[in-house]
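**Q** This structure is in structure tokens; I'll ask about it shortly.
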Amino acid sequence: MKFDMGNQTLSTLTTNTSGANDDLGSLVKQLVASVEPLEGKFNGAGRAAFDQFKARTDEISHDLNVSLGRILEGQGGMDTAFQTGDQESMDNATSAQGSANFDGARFSGQS
């Protein structure tokens, strides 16, 4: 299996995840608002579960946003490590190239 990742992949992922983080809390609140017309239509355990979910909407929204925020922190750390490794790889290659004796190399296969 071959894994090939461009040097901007994690930055792009972090940007996209950040946008999702902003939207997540509002989506939970929209979900509750969209099912409010059903509130009086059912009873029993379903009603109790709905009431509990509705009462916990802010807490659920906060918890989801905190969790996604931690994912963003992890992605940022991975991006930093990847960018640092990419730069070090380039620096090492440049250093090795500077000390190589290309004039002394024989590429024609002749002795």
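The values are calculated or read from the model by the stated rules, or taken from the named source; none is laboratory data. Since the model is a prediction, treat every value here as computed from it, not as a measurement. Quick reminder, even Gly has a Cβ in these numbers, built from the backbone with ideal geometry, and neighbours come from all protein chains shown.
**Q** Go through the range 17-75 and count every residue that is in contact (Cβ under 8 Å) with a residue 40 or more places away in the chain and out of contact with any His (no Cβ under 9 Å at 6 or more places or on another chain).
**A** Keep residues of the range 17-75 that are in contact (Cβ under 8 Å) with a residue 40 or more places away in the chain, which gives 17-18, 20-21, 24-25, 64-65, 68-69, 71-72, 75.
Narrowing the set further to residues that are out of contact with any His (no Cβ under 9 Å at 6 or more places or on another chain) leaves 17-18, 20-21, 24, 64-65, 68-69, 71-72, 75.
Looking only at that region, the number is 12.
**Q** Would you be able to tell me the number of residues in the range 42-67 that are in contact with a Leu (Cβ under 6 Å, 6 or more places away or on another chain) and charged (D, E, K, R)?
**A** The total comes to 0.
**Q** Any chance the range 29-50 includes a residue that's among the hydroxyl-bearing types (S, T, Y), exposed (fewer than 11 other Cβ atoms within 10 Å of the Cβ) and assigned to a helix (DSSP H, G or I)?
**A** Within the range 29-50, one or more residues are among the hydroxyl-bearing types (S, T, Y), exposed (fewer than 11 other Cβ atoms within 10 Å of the Cβ) and assigned to a helix (DSSP H, G or I).
**Q** Same structure again: Right, G104: small (G, A, S), in contact with a helix residue (DSSP H, G or I) (Cβ under 9 Å, 6 or more places away or on another chain) and outside any helix (DSSP H, G or I) or not? Steps first, please.
**A** Numbers: small (G, A, S): yes; in contact with a helix residue (DSSP H, G or I) (Cβ under 9 Å, 6 or more places away or on another chain): no; outside any helix (DSSP H, G or I): yes.
Taking the combined requirement at face value, the residue does not satisfy it.
**Q** Still on this structure, please answer the following. Going by the structure shown, is G76 at pLDDT below 80, in a helix (DSSP H, G or I) and surrounded by 14 or more Cβ atoms within 10 Å (Cβ to Cβ)?
**A** Values: at pLDDT below 80: no; in a helix (DSSP H, G or I): yes; surrounded by 14 or more Cβ atoms within 10 Å (Cβ to Cβ): yes.
So G76 fails the test.
**Q** Take G6 and tell me if it is exposed (fewer than 11 other Cβ atoms within 10 Å of the Cβ), at pLDDT below 85 and assigned to a helix (DSSP H, G or I). If you could, list the steps in order and put the result at the bottom.
**A** Values: exposed (fewer than 11 other Cβ atoms within 10 Å of the Cβ): yes; at pLDDT below 85: yes; assigned to a helix (DSSP H, G or I): no.
So G6 fails the test.
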